[in-house]
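The values are calculated or read from the model by the stated rules, or taken from the named source; none is laboratory data. Computed from a predicted structure; not experimentally measured. Every residue, glycine among them, receives a Cβ derived from its backbone with ideal geometry; neighbour counts consider all protein chains shown. Calculation scope for accessible area: heavy atoms of the full protein, side chains included, ligands and nucleic acids excluded. Shrake-Rupley method; radii C 1.70, N 1.55, O 1.52, S 1.80 Å.
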Amino acid sequence: QAGGDINLVTYSEADAQADTFGIAIGAGALGVSDAKASISTNINTSVGSATHVTSTGGAINVQATHNYTADGLSTQNKQARATAISGSGGVLVGTSGAIADAASFVNVNTIVDGVLYAGGDVHITADVYNKSNAAAMGLGVGGLVGVGLSISTADTGGAVSALSNGVVAGQSLTLRAR
């Protein structure tokens, strides 16, 4: 029990970057560059069923965030980024390949199964910002044959939830998942 605000917050931020550059030169040249960047985690804030949280004069905030500012008001420029560049030059044959894979899969959950009593407002929120970006460039130059191959894949996924299965009392209730 407290007389002022009570904040139960789980805060996460992640940024992953992979860059690769390769070059091959010869009579017959083969070059491959492969870059992989990934973010994968679960962020949870919960109030258990046997828990009673009381603020006689303030708000209760139960919050989980990923790549948002700590107050949950704006996103941060965090992401999984992968860049692959490959080049080859051959007198006869030049082949190169560049592969870039970026993935961001984050689950964010805020769950209240217990009892929340607030003299002010009650906020139960979950905020997630997942982003991924991949870029690839392959260039092959040869006297007879030149082949360049580029493959880039950016995957973004995950889930977000804000649940209230318990008893919640206060001046107002905000229940948000985004």
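The simple Förster model, with R0 at 45 Å and r as the Cβ-Cβ distance, assigns residue 117 and residue 69 a FRET efficiency of 0.95. Given their separation in residues at 0.36 nm each and the Cα-Cα distance between them, residue 56 and residue 155 gain 31.1 nm when the chain is fully extended. Put simply, the amide H of residue 5, placed in the peptide plane, has neighbours under 5 Å in 59, leaving out anything fewer than 5 places away on its chain.
Rounded to whole Å, give me the distance from the Cα center of the stretch 14-67 to that of the stretch 112-178. The stretch 14-67 and the stretch 112-178 have Cα centres separated by 9 Å. With all protein chains kept in place, the per residue accessible area of the stretch 4-81 amounts to 52 square angstrom at a probe of 1.4 angstrom.
Comparing 56, 89, 108 along the charge dipole axis of the stretch 42-178, the residue lying farthest to the positive side is 89, per the Cβ-charge model. Based on the Kirkwood approach, the hydrodynamic radius assigned to the stretch 21-161 is 18.2 Å, with every pair of different Cα atoms included.
Across every pair of non-identical alpha carbons in the stretch 1-76, the mean reciprocal distance, once inverted, gives a Kirkwood radius of 16.9 Å. Residue by residue, the stretch 37-53 carries 3J(HN,Hα) couplings of 10, 8, 10, 8, 6, 10, 10, 9, 10, 9, 10, x, 5, 8, 9, 10, 10 Hz when phi is fed to the Karplus relation 6.51 cos²θ - 1.76 cosθ + 1.60 (θ = phi - 60°); x denotes Gly or Pro.
Put a dot 7 Å past the Cα of residue 41, heading toward its Cβ, do the same for residue 165, and the two dots end up 2.5 nm apart.
By average Cβ neighbour count within 10 Å, what is the ranking of 112-119, 59-66 from highest down? Mind dumping the intermediate values first?
Working: 112-119: 20.0, 59-66: 25.0.
Ranked from most to least packed, the peptides come out as 59-66, 112-119.
The accessible surface of the stretch 1-94, taken with every protein chain in place and a 1.4 Å probe, is 51 percent carbon and sulfur. Once R0 is set to 22 Å, what does the formula 1/(1 + (r/R0)^6) return for the Cβ-Cβ distance between residue 173 and residue 76, expressed as a FRET efficiency to the nearest 0.05? Working from the Cβ atoms, E equals 0.25.
Remark: the stretch 108-178 carries 49 Å² of accessible area per residue (probe radius 1.4 Å; ligands, DNA and RNA excluded).
In whole percent, and with a 1.4 Å probe on the protein chains, what portion of the accessible area of the stretch 105-178 is carbon and sulfur?
Summing carbon and sulfur atoms, their accessible area is 54 percent of the total for the stretch 105-178.
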